[in-house]
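One structure is given here, and the rest of the page talks about it.
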Amino acid sequence: CSKLSEINFGCGVKSIGNNAFAECALTKVVIPPSVEKIGANAFSDNNLTDVSIGYGIKEIGDKAFYQQNGINRIYVTAPVPPTAANSVFRNYNLPLYLMPEAVRSYEDSPYCWSRFNTSDMIAATDLSIEFEGNSENKK
């Protein structure tokens, strides 16, 4: 897996298991809206710069996106903040792009989402560009 730099998930994927892509060479990951659960350490210790999480996500495991090198941007289209431990990400001083109607619920979330600085929660008017190609993803 140390040479895996890109992955395309099918639309039928419902969950990503613990450690599934840990210690790979991924720089960008787009989680399709069919995924409801991401396991612990699923994408830890990669070279991720951009993370896009689809609207179907309900749960994210401990240290799922934890890595030494900083992620630059996180995009989440889920209208309700998914259950997520406080250690999903290593750094919370980065932009979190959300659907405009979801910003308040992420700010008030009891999960890791409230660790982001509220000024970094950006109400993106069109996140569909992060989920290329599939019209199902453009909700």
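The values are calculated or read from the model by the stated rules, or taken from the named source; none is laboratory data. Not measured: the values here are computed from a predicted model. Virtual Cβ from ideal backbone geometry, glycine too; neighbours counted across all protein chains shown. Remember, those area values only see protein heavy atoms, side chains included, never the ligands or the DNA or RNA. Shrake-Rupley method; radii C 1.70, N 1.55, O 1.52, S 1.80 Å.
Overview of values
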{"item": "Filter result for Glu36 (open to solvent by 60 Å² or more (accessible area, probe 1.4 Å), within 22 Å of Pro110 (Cα to Cα) and without any contact (Cβ under 8 Å) to a residue 24 or more places away in the chain)", "result": "yes"}
{"item": "Residue under evaluation Asn86, criteria (1) open to solvent by less than 70 Å² (accessible area, probe 1.4 Å); (2) part of a loop (DSSP other than H, G, I, E, B), criterion not met", "result": "(1)"}
{"item": "Number of the condition not met by Thr27 [criteria: (1) under 25 Å from Ala123 (Cα atoms); (2) open to solvent by 60 Å² or more (accessible area, probe 1.4 Å); (3) in contact with a Lys or Arg (Cβ under 9 Å, 6 or more places away or on another chain); (4) not basic (Lys, Arg)]", "result": "(3)"}
{"item": "Number of positions in the stretch 3-19 that are closer than 22 Å to Asn72 by Cβ and either among the acidic types (Asp, Glu) or assigned to a loop (DSSP other than H, G, I, E, B) (or both)", "result": "6"}
{"item": "Contacts under 8 angstrom Cβ, first residue in the stretch 104-117 being on the phi < 0 side of the Ramachandran plot and of a type in the set (D, E, K, R), partner part of a loop (DSSP other than H, G, I, E, B) and open to solvent by 70 Å² or more (accessible area, probe 1.4 Å), 6 or more apart", "result": "Arg115/Asn86"}
